[in-house]
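The values are calculated or read from the model by the stated rules, or taken from the named source; none is laboratory data. Here the structure is a predicted model, which means the values were calculated and not measured. As a convention, Cβ positions derive from the backbone with ideal geometry for all residues, glycine included, and neighbour counts pool all protein chains shown. Remember, those area values only see protein heavy atoms, side chains included, never the ligands or the DNA or RNA. Shrake-Rupley method; radii C 1.70, N 1.55, O 1.52, S 1.80 Å.
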Amino acid sequence: MPELLTTPAPTDPERRHVPGEYGIWVFILGDMTLFAAFFGVFVRDRARQPAAFTESQATLHIAFGAVNTCLLLTGSLFVVWAVQAVRRDDNAAARRFLAAAWVCAAVFGLDKVLEYADKVTHGLTPATNDYFMYFFMFTGIHALHLVIGMVVLAHLRRLCARPVLTAANVRTIEVGASYWHLVDLLWVVLFALLYLMAG
Amino acid sequence: MRVYLRHPVTVVWALLMVATVVSWLLGTHHGTSARAATVLVLVIAFVKVQLVGGHFMELRGAPRPLKALFTGWVVVVCAVVTGLFLAG
């Protein structure tokens, strides 16, 4: 029945809801601003040496990046489903969805390790040139975000093992979910900038 | 299961996956119009971010100032990144 998946956020102006808490949004918007600076610097530097950047970019396996993007997007879907499950008191389903999201993240992590190993064994490191400095630095910082995200997801899953979730618990889950989606959205832009730019 | 498949969030996810594949194709098969393909790739990326924010992060139901800050970031960063690319 469709009502099992109630739309979580009310659109009635009187009942607008901050997902999680204000604090996480200060962090999210701040982090997005930091990454915006990264994005700007990368594109500006690319514009100064497009041929060099394009040549370096050509060593990437775009499939790695595309699969990774799909993994994080799917992880986000699982996290949304987990939050909806929590709201209808189906903690067991929430735990399953959080585990599935964690697996998506883990595969992304594994993929990244394989990709880095592939680069390094071909002599491509952050010291190679500007493109690879940006590539390793930005995907590396993002990977740190992802690892934190995995710890968060595991914590949320443990939380959902409790027989009863308080309102504070639910807010914590929303905070964790919001953080997870940040990890996803940052990668979406990184994929476009690092793997797909041409001309 | 059908309920999950028809739910708006699942539809958004499917759109995001399609957009990812489209971007992948644009990034690898841009032919002579590499600059146009890249602009499209960049815009698609930020549209995806907006979708993640609106539907996954539940900003559609959030207080307007928060929505505005997020959407503002999307619009400004997209414009700056695309502008820097085109200016090069």
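The set of residues in the range A:136-188 being open to solvent by less than 10 Å² (accessible area, probe 1.4 Å) and of a type in the set (D, E, K, R) consists of A:Asp184 alone.
Only one residue in B:Leu69, B:Leu86, B:Leu42, B:Leu25 is in contact (Cβ under 8 Å) with a residue 40 or more places away in the chain, open to solvent by 60 Å² or more (accessible area, probe 1.4 Å) and hydrophobic (A, V, I, L, M, F, W, C), so which one is that?
B:Leu86
Filtering the range A:1-32 down to residues that are within 7 Å of another protein chain (Cβ to nearest Cβ) and under 19 Å from the mean Cα position of the chain (by Cα), which residue is modelled with the lowest pLDDT? For the range A:1-32, the residue satisfying everything is A:Pro19.
Would you check which residues across the range B:55-65 are open to solvent by 10 Å² or more (accessible area, probe 1.4 Å) and more than 7 Å from chain A (Cβ to nearest Cβ) and list them? B:His55, B:Arg64, B:Pro65, listed by residue number.
Selection over the range A:149-199 of residues that are facing chain B (nearest Cβ under 10 Å) and more than 20 Å from B:Glu58 (Cβ to Cβ) gives a count of 10.
The set of residues from the range A:40-76 being within 25 Å of A:Val183 (Cα to Cα), among the aliphatic types (A, V, I, L, M) and part of a helix (DSSP H, G or I) comprises A:Val41, A:Val43, A:Ile62, A:Ala63, A:Ala66, A:Val67, A:Leu71, A:Leu72, A:Leu73.
Hey, does the range B:72-83 have a residue that's surrounded by fewer than 22 Cβ atoms within 10 Å (Cβ to Cβ), at the interface with chain A (Cβ under 9 Å from one of its Cβ atoms) and not in a helix (DSSP H, G or I)? No, the range B:72-83 contains no residue that is surrounded by fewer than 22 Cβ atoms within 10 Å (Cβ to Cβ), at the interface with chain A (Cβ under 9 Å from one of its Cβ atoms) and not in a helix (DSSP H, G or I).
Contact map, the range A:101-115: residues that are of a type in the set (Phe, Trp, Tyr) paired with residues that are open to solvent by 20 Å² or more (accessible area, probe 1.4 Å) and modelled with pLDDT of 95 or more, Cβ distance under 8 Å, separation 6+ or inter-chain. Pairs shown: A:Trp102/A:Met150; A:Trp102/A:Ala154; A:Trp102/A:Arg157; A:Phe108/A:Leu71.
Of the listed requirements (1) closer than 17 Å to B:Val9 by Cβ; (2) in contact with a Cys (Cβ under 9 Å, 6 or more places away or on another chain), A:Asn91 misses just one: (1).
When you look at A:Leu194, is it among the hydrophobic types (A, V, I, L, M, F, W, C), out of contact with any Leu (no Cβ under 7 Å at 6 or more places or on another chain), at pLDDT 95 or above and within 18 Å of A:Cys104 (Cα to Cα), yes or no?
When the stated conditions are applied, A:Leu194 does not pass them.
Restricting A:Asp111, A:Asp89, A:Asp118 to residues that are surrounded by fewer than 22 Cβ atoms within 10 Å (Cβ to Cβ) and not in a helix (DSSP H, G or I) narrows the list to A:Asp89.
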